[in-house]
Structure formats: structure tokens, C-alpha cells
Protein chains: 2
Amino acid sequence: MSNIKHKIIFQPHNREILVEDGENLIRAAMEAGVHINASCGGEGVCGKCRVILEQGQVEGGTEKLSTEDKEKGYILACKSKVKSNIVVRIPVESNVDASVLNIATSPRHTAKIKEFKLESIKDQGLLIPPVVKRYLELPAPTAQDNLADVTRLLNFLKIQHDEHRLVVDLDVIRQIPDILREGDFKVTATIIRPVREDGKNQITLIEPGNTTNRNFAIAMDIGTTTIYGELLDLNTGEVLSSYGDFNGQISYGEDVISRIIFAEKNGGLEILQKKVVETINHVIERIIKKATINKSEIDKIDKSDASISENNKANNRSSINNGSGIKKGEISTITLAGNSTMTQLLLGINPRYIRRAPYVPASILYPPFKASEIGLDLGRHTIALLYPGVSSYVGGDIVAGVMGSGLYQSDKLTLFMDIGTNAEIVIGNKDWMACTACSAGPAFEGGGITFGMRASKGAIEDFSIDPITFEPMIMTKGNVRPKGICGSGLINIVALLFEHGVINSRGKFNQELKTDRIRQRDGIWEYVLVWQNATQIDRDITISEPDIDNLIRAKGAMYSGAMTLLEEVGMHINDIEQIILAGGFGSYVDLEKAMIIGLLPEIDPEKVIYLGNGSLLGAKMSSYTNLFRRNVGEVIKMMTNFELAETPSYMDHYVSALFLPHTELNYFPRLKARMEARKPKTIQEIAVD
Amino acid sequence: MSNIKHKIIFQPHNREILVEDGENLIRAAMEAGVHINASCGGEGVCGKCRVILEQGQVEGGTEKLSTEDKEKGYILACKSKVKSNIVVRIPVESNVDASVLNIATSPRHTAKIKEFKLESIKDQGLLIPPVVKRYLELPAPTAQDNLADVTRLLNFLKIQHDEHRLVVDLDVIRQIPDILREGDFKVTATIIRPVREDGKNQITLIEPGNTTNRNFAIAMDIGTTTIYGELLDLNTGEVLSSYGDFNGQISYGEDVISRIIFAEKNGGLEILQKKVVETINHVIERIIKKATINKSEIDKIDKSDASISENNKANNRSSINNGSGIKKGEISTITLAGNSTMTQLLLGINPRYIRRAPYVPASILYPPFKASEIGLDLGRHTIALLYPGVSSYVGGDIVAGVMGSGLYQSDKLTLFMDIGTNAEIVIGNKDWMACTACSAGPAFEGGGITFGMRASKGAIEDFSIDPITFEPMIMTKGNVRPKGICGSGLINIVALLFEHGVINSRGKFNQELKTDRIRQRDGIWEYVLVWQNATQIDRDITISEPDIDNLIRAKGAMYSGAMTLLEEVGMHINDIEQIILAGGFGSYVDLEKAMIIGLLPEIDPEKVIYLGNGSLLGAKMSSYTNLFRRNVGEVIKMMTNFELAETPSYMDHYVSALFLPHTELNYFPRLKARMEARKPKTIQEIAVD
């Protein structure tokens, strides 16, 4: 991607923003907190996002305009790509003061993204994977020295590599005699480290010759919905490829509870186990394929570059050699992280007691095992390592996130949230941690919402509203006509409807506002986001009071979960110094909006970290450094689990959280200030509630 | 068996012997060193063993006699059972002096038999099997205490039983949730101890309820020829049953070398692995069945005995309960000992390098593994423990013998021998051990001998010779007409032929002796042991010079092996303080005869111990006490292996040993004294050789 930045000045607000070359103008406006009426999601059909280009140039934006409009200098913001510094004027249809706009649409806040920093791991000398390869040149046996093959191997691993406490299982012993001789007694041993320092180092593979430069691992997140894998080069630390796919179990239930119910049916567990393994195997196949293709391309570049020095060529070749033509048999380990249900289903362990009070998982720690044992299509020697969990609803994915985010080493009081149907919350720092899970319901994933949908193409994800006309500005995933509303879109919509007084703190519409977008149908009040003709569907897309209520319950469950945990440990929500948002959904949440609805406590957005797929990150970190595996045992001991249903204060907190943003507006000082600056009427409403 | 003893006085020798009630009279004579002509092996058809019963009574012995003989007081010794103190007169056909007879047939020496002393193990507090069962009453999980099932289990194993360092594998974890609830949280955990004290204790099974009184083990000797198993009750230490069967691999070769050759053929290894597993499974089935039958019989006795006290009844029932209806799933461990080839074939490890210089085994130590992994028909949880070996030809069977015999704890310089086609020798004490194996050839098992056969019914096993007439006294296994000569019979025959000057120290017949039993056929000199009409076959049974030569080579290989080992450690054969004879064959060897031919060094027979099946004994001891498993690692480190072919002095020792008893008669002082007391001619012969 180009690094050229362009400055956009939006008039009459006089708001500036720097954007990448080629940025979509309507997205830039959204980013800048500038409202432009738009309801087709960015496809350019509604024609409402006409703006006047006063200076500079854009690409596109004029195709669907009349000659008259073109002559007046109009462009369609949603179809315009910014190619220079520009000045754009929004045709304000009513006499709106720019300061009102300023309040109305707060700029979008994106949090810091926690990135995996390989160099920092390397610099700290922590690129010490749980699995190492050791090359050995053994003296061939003679009449005077005819030790058993295994004894010879172990002796020289000790002498040449200072390897101790080694064990070898039968499978490997069976291969050793022939492989030693095939390799003329020059062989490579793959050794997997124990979790505990006083454990055994297990030899999992013996290969003829020197294969130490080919030591690969897979990190994988086993999500209820999606499975993501990464292929790692343990010598360089490089991520060679990654791939994600839907969990093949999805057709047997969308959430963990329905999976458990299916698993309890006759043969159900076997089916679910097989399905997730199929998906994992598919992901494995794809990441291996992708890594090979990537490296072939490098190969081409290498060949075409005649000026490259011999030395560099050699270096490149060695790097290519590492990545290209990776065989499944060269994968030394696969580290998997998933929630407790996914973990048990993967291992074929009946999850029925996870679903029933008192919610007991089979185990929180699992021993390393052979990946092939559960049907994973990897070498017979490939060892699978599973992230331990804490409880039935705080599983290995969360622990991986806690590890991967560094929370377990942080001095700051941190709120870690993984938002989804089952939302997990961890609060603590390097000295202590409390965790819990709350059933938020499917609202964040579009479930239980009239026009709810997953965050796929056509889902409304960005929204703003004109404070005077109450006309919306709508962006969809993929800039196509809207089909529905995804979770992050829902948060954005409700936040702005609330902040603009379209709904009150109970989520009820202000029926006195003069706009045909607010209406009652079959006794239910709703706001029309998109009129039918601008949608992909056969109806108007709306958001209704029951939809908003569902969202309020979902966010209320999460916020009150965090409140409860804090209270249990004698702290308060205002003590939180840092928020870490994990999970795919977390990455899409607009922080300011999430704080407006009271999903997240109000905190400086600079102190929020988007972790992304914390489960995958943790799995990757564990693949790179065994210290992680060693630490994780201590970490899960530190993580005190609370069952909210068994914590008496939870219900009180929950009821208090069933407001926008909360009964106690003082917890949200910035929002309170903005609301106090708004027209008295709305503030009065809030005061009454 | 009755404990009544009877005294027999043999006249004219005036030799006394105490025998059990019902002892066969001709066996008693053999034992006492009294010669009675007899050639039908004890079947009573040759009628040559007529003796005069001067006092007392016998049972039988007169059926096949003429009325005349009966009136004279004759009985057939071979058909007479001693029922009181008796005086018997041998009708000496020639004018033989009793003192000559005394020299001629030395009394039979039976060595001490090493018995398994459970009480001593118990008394020393060593009945600490490698596998224990722990009964637990766990609190059921509640909302306030919803630890993972595995965590709960481990915590309470620690609290209630002080069990630490526990690990559980996936197989067991899968079962835990349902079993905990099936048993209403009252369960029994089976735990296998590590070899090293700092290792992990592995939970192999969880059962509902209290099953601690049902903890069984199998000890098994995997011999090249036979497989013996014993079923053990680990609570009482009792051996519940035992059974032996021929190794199913036998049809693919009689000795380890031919098995290895077969294993190298395409699919050969798989066939041999399958065959030995089939035999083991058959033995397992039989010992379990036998144990159940035994206990049912006790059950009957219990029921029929109305006078038994309630208390005793209960005790008996609990004992019956232990043994009866044992299921394969109740076998916690199986401990196996076999030579290195048998071990590798059992595990499916290519044994080709065992057969080829420099004779390298795959491994000497094998990790515990699931018995089902190699096809053993036991519970999925049953752990197989394999005895480690030392080298390609000093295997786990020998190490088990060294352990079982207590050699590794002995102060005495001990010669341990396991005599067979491959004879293994260990010399040492608790501080050091040297070991080797020599290829003795099949002579000890009847191979390479014209009329050689295995030690089965009809095999000549006992022999004496009339020093004047050179008529033989022959006893067969099962007291039936002779079919051939087994290994121990061969030793006895050659020893007495030599001591009576029928053959010289080179094993050549004295052609001048006046007896038609010594003859030349097809240029080969031989001695007729049994004329055709007294045999089961269609020919005279003879022993020829080539037969004797084969035996001399076999015994020479063993003796010189021991000499070589001793020389390598700077000691001499006369330093030996104790001999332990292991193996089925060892138990049948007549010590004095073995010393006459120079198979064993001459030593006080009191200092010889018959170990019997040392491999099985070692396996059993390991099953009962884990200290054995812990010690064995140190023991094999102590055992220095010598390859005779690579030890230059071996050939010299071997050549010197190709005489009866040896070039150096001074190593055999008792024999030398007896020979010097004999007629000058024979002594001269020896002096010349």
C-alpha cells in the first residue's frame, strides 16, 4: 500500500483529516465525524451523498450524476477515491451549526492494535520453541562399541547438545535402527520440551541427515464459529501463511450450547469431533499450500534478479528452502486454543456437564498428545499442545488471549473482554486475575435483531445521523446495498440514536421527533435505516425497540459482569487503567460508541488495545517460546473464576446496566458532559429515567 | 504330597537313602548312585531291573514277573513304589566290589532351588507394586465448588492419599466425567508409578465405586521356545494361576537367528509379531480362566463347609471375590521379560541388526506402553512393562534372572548361567557384573544329536552304567520306552561314559572294551543305549562320537565363555563362590555330571542354585515391587557386556575346553581324585591327552 497521505478539509465544519491515497471519501467523512446523508451503504445508488468538491481531485464519483450536478461540482462521496489534498463542502440541507455537528458525530476512535512483535521475542532471547531439532554425527557402531542404537543416540545428544532427561516412545524406537543407518549415523532428532522444567524431553522424530533448518509449527484458534491457523517457521519466527474457515460444526448449532445439545444425541459427539477435525485439516492443508506458493514467488524474484550477490542468493535460497514444499511431516507441533466446549468436542470428551449447573468442565489442563490420535492429518510424530482453560466458560481461548496480550505480566489494572454470544471478562494484572463469562445472547453477532446479520457483505457497519433531519449516513461492508445490520453496526446505530435523543436511556423512541423514519408498525416503534428501494431486500431495513432492548441486555450483561468482578475483588470500574478487546468482534467495535451505550466503561481510547484473535496470538506465542507454556500453568492458577449466577450482586448490577449507558451516568463523565451540552429536553429525559 | 519318608538300604553297597512315600524304586536307586541294569526307561518291559526285596513292602513291581521270580522275592525296581522302610539287594551279576560301584556312580546332586518367597517380600514391606489403586470419596461439585472433574480428582488424590506428580492421558480424561457421576463421586483410581522416583505417577483408569480389592497383574516370560505367564493378585501377593505354551513363532524357526532371518523377509516381522501376540493372548486367557476355576472350587468348599464360622466365611468370600471372574479389564499391568530378539519382535522392531556384526539392539530400555498398543488382549488401560536388556544377546530375560535371583545384591562372586542354544553367562556380585552370550549350538536341546530330542515323554534323562559289564541303567521322562535322548540325559550319559573310561577325554570310545554295546557303524563309533526291542522306535538308540563331539563343543563354548569373562575382570574360575542355573534346561542338569563333562566349574553342589525360569521370576518380582523396576536401571548399567568374538583370549579358552572335562584337570580336583583312584589305564589315557 502507498504511504502517500492526503489532507481533506470538510466544510462548513472546517474539519480536517489525513487519509491514505485512494481512500473512499464517505469513509473518510465517517472517520472525521462528518455526517453525510447516505443510505445505500456505499453502492452509489441512492445519490444522497452528493458533496461539492471545492479543491483538489478525486477518482470516480461522477458516473451516476446528472450533467447539471456535474457542472455544479458535485461528486458522490461514496464513489469517490481521494487522490490529492481536497476541500469538500457538505450541502447542509437545514441551517445547522457546525458546533452541533461536532457534538453530534464524534470522531471514530480506533484503539491501538496489539501486534505480534517477533523481533522483541528474538531480542529477549525468547525464540525458544517447545520443539527443537538437533543434528548429530554419531560414530558408527563397531565391535568395540556396539551400544544399542537408542543408547548411542541419547549419549550423543547429551555429549554434543547437552540434552538431558530424554525419553523415546515405541513408535520412534521402531524407526531408529533403520533411520540411523539410512543417514549413515548422521541424523536429526526432534525433541519436545516438557511443560515443567523438571519434566522429560521427548524425542518425537529421528530423520536421516540434517533437517534442522526445517522446523515448522502450526498455531490454531478453534472458535465456535471460525477456525484460524497460522504456519510458523520456528527457526526464523516467520509466519509463513495463515488461513481461516468456518467451523464445520456450524450446521449442528451456532453456539456452544446447541453444540452440546447435539453432542448429547446418539453419535452426536463423534459427528462434531469429526467435523471440527475436518475443518482443522482443511485449514492445515491451505496454510501449507499458501506457504509453498508464497515461497515459489520469492523463488521467481530470486531468479530474475541478476544483480543479486552470490552471498545474498544463497541466503535467499536457504530462506526459500525453509518455506517451500513444506510437508505435513515437517510440522513438529500444533498448538490449539479454544473455549472449553470446543476443546472437549475436539478431544471427543462429552461436554454435557459444561451445560448443566454447576457447569463442570472435564479438565482444565490437557497433556500433550499425538495430533494423529484425534485424526489431525499431520505426521505421526506431530505433537498437539492444547491451551488450558479455567472453567467451563472461561476456556483456553481466553487464557491464550491473557497470555498473548501480556495481561498476565501487566502492572496496569486491566479489563480484558472477549465480546460474543458468550462474553468472557478477565480483570486483573500480573498479581491477580478474576474472570467470568456472561451469556450476552446473540445480539453482538446479529442474532435476535430483526435485521441482524453476521458481519458479511451488505451488513450495515457504520452509521451517523443528521441531528436536525435525523437522516442517516450508512456504510456497509463491501460498500454494497444494505441487507441488514451486523453487531458493530448495531452498536453504532444505537449509540448515535441515543446521543441524538432519538431514543432515551431506556431505548424507547422519542415519538415526537418530526421524521418519517420514526414510525410504529404492528404496535412496535422503529427507525427506518434504509428505505426498501436502497436495500438488497424486499423491505425497509429498520431498528426496533425490541432490537434495542436486546442490545441493552447484551451490553448490560457484559458491563455488569465486569462491575461484579470488580466489586468481588474490592475495586471499582473507575480504577481500570487499560482495556483489552479480544475476538473478531472486538476489533470492529467503535470504542466511543461502545462507551456511549455502556458496553465498555468510559476510558481514554488510547488506553484500549485491540487484541484481535487473542486465542490465535496466544497459540502462536506458545509455539515460539516454551516459556509461555511454562508460565501458563501459573497463570491459570492465578485466574479466579466467578460464576455470575452464583454471585448475589450480579443481578443488581445487571438491572442497573439495563440503561443507556447506565443508571449511574457519573460513570460516563465525557458522555455526561456532551449530553449536558445538548438541548435540555433530552437531558431532562435522562434525569427522569 | 505326603511328608512320610522311608529309608531304603541298597545291598550289597549298604547305601542308604531317604525317599518320599510312593517313590519309584529305580529312581531312588539312581538318586542313591546305585546302578541297576535297566533299558526300557521304566516301563517294565525289559525286565532287567529285577532286585530282591529283603525287608519291608513296596506297591506293585511284581506284575510282569514269573511265579518263580516272585517266589524268590524279586520285584521290578522300575514298577515298584516304596511304601515302607525297605532293604533291597541288587543281584550283582559279576563279582563287583561295592567300593568300585561307589566311585562308579556318584550320587545325584540336586541343587538348592531358589523359591519365590512372597512372605519375605511382605515382611520387608516391599509389596509395593508399580500399580496401586486408590479409593476416593469426592464431594460432588456445587455452584460454589465447580472445579473441573480432573482437578477435583487430582486434588483429592493429594489430600486423601498423598498422591503427587500425577498425570492423566486423554483416554482417561475422556472417561472421567461420566465415571465420576456413575459412581456418585465415589471412584477408584489406578495409578502407575514411575521408574524413577522423580517421575510422574500416571492415572491409567478410573472406575466407579471401590475396586481396590481387585488389582491384578500378569508376569510373563517371552521365551524363544515357550511363553510362561502367571496371574498375580497385587493385594495379597498370591500367584493365582500359571500357564505356559509354545511360542507361536516356532514354526518360523527354532532359534532367534532363524526368526530374525524370517523377520527380514517381506511381511515377516508383522507375522512374527502377530504370532507371539497370539500366544501371549492365549496364555492370558488361560491363566485368567484357571484362576477363576480355582476360585470356584474354593467357593464350593466354602458352601459345603457348614461348620465354618461367619467370620471365616466372610474372609473366604472376600478372597474368592478377589480371584473369581477376573476380567481382562482388571489386569492393571503386564510385565514381560524376553531376550532382545523376542523383545524386538514383540514390539515390531526390526531385529536385523541383532544378527549382524557388530550386533546392535535397537534399545535396551523401553518405556511403559499400553498393552493394547501391540495387540495384547487386555484393557485399554493396562500398562505393559518390559524388562530392559544389556545387549543383543544378553536380554531382558537374563536381566530379569539377575534381578529375580538376587545376584545383583549378592556379596558372593557368582556365576549365573542360562544354558540353551544361546547360553548367557553373567559373572559378578553386587558391585560389578560382566556378561556375555555364547552360541552353544542346539546340543543341549537335543539338536545335532543323532537321537536327540526335546525333554518330553520317552526322552532318556537318567543314565548309569555298570563299570564291569558296561550295561546301562536308563530312565525316561514319563517312565515309558525310550524314543531318544534329551539334553540333560546327554550330559549324564557322556559324563558316565567318560568317568567309566568308555570314552576318553577327547570323547573317543575305548574300542578295546569287551561289550557288544560299543560298535562301529558306517565308520562311526557308538554306544548302544537301548536295543531296538526295548525302544519305541525301529532302531537301536545309540550315542556316537559325533554326538559326543557336539556336546563337547557346546559345553566348551559355555565354560570358555565363563573363563574368558573371568580373565577379562582379572579373576579365575576357582574364585567362584556360587553358581546360579537359570532356564528350564538348567533345572534338569545333574550338577555332578555337568561338572564331570566340564560344563560347570567344579564347586560344592551346595553352592549351586537352580533358579528355574529366572525371566518369569524377575517379571513377577517387578510386578510385586516397584523397587525392582527402580533398581533395574542401575543394574543394567553395572552389567558390562563382552562380545566373545571380539575378545582375543576366547578362542584359546575354547580350544582348551574341548576336552572332558578340560585340558587342565586341576580345575576339577574332585574328579581328578576319583579318576586317580580308578584303574591306571584310564588315568594314563587322560595323562596322555
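What does the convex hull of the Cα atoms of the stretch A:5-102 come to per residue, in Å³, rounded to a whole number?
87
Of all the residues in chain A, which one has the C-beta that comes nearest the axis relating A to B, and what is the distance in Å?
A:Asp198, 3
Using +1 at the Cβ of each Lys and Arg and -1 at the Cβ of each Asp and Glu in chain B, identify which of B:Leu413, B:Ala657, B:Cys438 lies farthest towards the dipole's positive end.
Final value for the positive-end residue is B:Cys438.
Any idea how far the Cα center of the stretch A:143-169 sits from the one of the stretch A:30-81, in Å?
74
Just the number, please: percent antiparallel of the DSSP beta bridges in the protein assembly as shown, rounded to the nearest 5.
If we restrict to bridges inside the protein assembly as shown, about 65 percent are antiparallel.
Enter the mean projected area of the convex hull around the alpha-carbon atoms of the stretch B:186-263, in nm², rounded to one decimal.
Average of the hull's projected areas for the stretch B:186-263 equals 8.0 nm².
To one decimal in nm, how far is A:Ile524 from the same spot in the other copies, if labels go 7 Å from Cα toward Cβ? Please give the shortest first.
10.6
How big is the B/A interface in buried accessible area, both sides summed, 1.4 Å probe, to the nearest 100 Å²?
3400
About its Cα centre, what dipole magnitude does the protein assembly as shown give when the only charges are +1 on Lys and Arg Cβ and -1 on Asp and Glu Cβ, stated in debye to the nearest 20?
It comes to approximately 1140 debye.
Between copies, how far apart are the A:Ser84 label points? List them in nm, one decimal, shortest first, with each point 7 Å from Cα toward Cβ, please?
Nearest to farthest, the other copies are at 14.0 nm.
How many Cβ atoms of partner chains, on average, are near each residue of A:350-360 if near means within 10 Å of its Cβ?
Mean inter-chain Cβ contacts per residue within 10 Å come to 4.
For the protein assembly as shown, count the residues as N, evaluate 2.2 N^0.38 Å, and divide the Cα radius of gyration by that value, please.
Against the compact-globule rule of thumb, the ratio is 1.30.
Which of A:Ile603, A:Gln344, A:Asn266 sits farthest toward the positive end of the charge dipole of the protein assembly as shown, with +1 on the Cβ of Lys and Arg and -1 on the Cβ of Asp and Glu?
Farthest towards the positive pole: A:Asn266.
How far is helix A:626-638 tilted off the main Cα axis of chain A, in degrees rounded to 10, range 0 to 90?
Roughly 60 degrees between the two axes.
Could you pull the copy-to-copy label distances for B:Glu115, with points set 7 Å along Cα to Cβ, in nm to one decimal and sorted shortest first?
Once sorted, the set of distances for B:Glu115 reads 8.1 nm.
Let me confirm one metric for peptide B:133-144, namely the mean number of other chain beta-carbon atoms within 10 Å of its residues' beta-carbons.
Mean shielding by partner chains, rounded to a whole number: 2.
Report, to the nearest 10°, how far helix A:310-323 tilts away from the longest principal axis of the Cα atoms in chain A, using its own Cα long axis and a range of 0 to 90°.
80
Counting other Cβ atoms within 10 Å, which GluC sites (Glu not before Pro) in the stretch B:44-95 have at most 13 and lie in a DSSP loop?
Qualifying residues, ordered by number: B:Glu63, B:Glu93.
Quick check on my link table: of A:Lys48/A:Lys483; A:Lys637/B:Lys200; B:Lys122/B:Lys200; A:Lys5/A:Lys81, which ones sit more than 23 Å apart, alpha carbon to alpha carbon?
B:Lys122/B:Lys200
Can you pull a Stokes-Einstein diffusion coefficient for chain B at 20 °C (1.002 mPa s), Rh from Kirkwood over Cα pairs, as a whole number of µm²/s?
Result for D is 77 µm²/s.
Using alpha carbon centroids, what distance separates the stretch A:331-403 and the stretch B:435-492, in Å?
Using only Cα atoms, the two centres lie 65 Å from each other.
Taking the DSSP beta bridges in chain A as the whole, what percent of them are antiparallel, to the nearest 5?
Among the beta bridges of chain A, antiparallel pairing accounts for roughly 65 percent.
On a straight-distance basis, which lysines could pair with B:Lys265 in a cross-link, Cα separation under 23 angstrom, same-chain partners fewer than 8 positions away excluded?
B:Lys274, B:Lys275
Just give the residues from the stretch A:173-187 buried by at least 10 square angstrom of accessible area in the all-chains context relative to the isolated chain, probe 1.4 Å, and say none if nothing qualifies.
A:Ile173, A:Arg174, A:Pro177, A:Asp178, A:Arg181
With a probe of 1.4 Å, find how much accessible area the protein assembly as shown has per residue, and write the answer as a whole number in Å².
39
Give the calculated FRET efficiency between A:Lys186 and B:Thr226 to the nearest 0.05, with a Förster radius of 51 Å applied to their Cβ-Cβ distance.
0.75
Summarise the accessible area of the protein assembly as shown (1.4 Å probe, protein heavy atoms) by the percent that is carbon and sulfur.
The nonpolar share, carbon plus sulfur, comes to 49 percent.
Could you sort the peptides B:253-265, B:515-527, B:620-632, B:553-565 by per-residue average Cβ neighbour count (10 Å cutoff), highest mean leading?
Final packing ranking: B:553-565, B:620-632, B:253-265, B:515-527.
Compute log10 of I(q)/I(0) for the stretch B:139-252 with the Debye formula, placing one identical point scatterer on every Cα and leaving out solvent, at q = 0.18, 0.19 Å⁻¹, to two decimals.
Values, matching the q order: -0.98, -1.04.
The values are calculated or read from the model by the stated rules, or taken from the named source; none is laboratory data. All figures in this text were calculated on a predicted structure; none of them were measured in a lab. Note that we place each Cβ from the backbone using ideal geometry, even for glycine, and neighbour counts take in every protein chain shown. Keep in mind that these areas ignore ligands, DNA and RNA; they rest on the heavy atoms of the full protein, side chains included. Shrake-Rupley method; radii C 1.70, N 1.55, O 1.52, S 1.80 Å.
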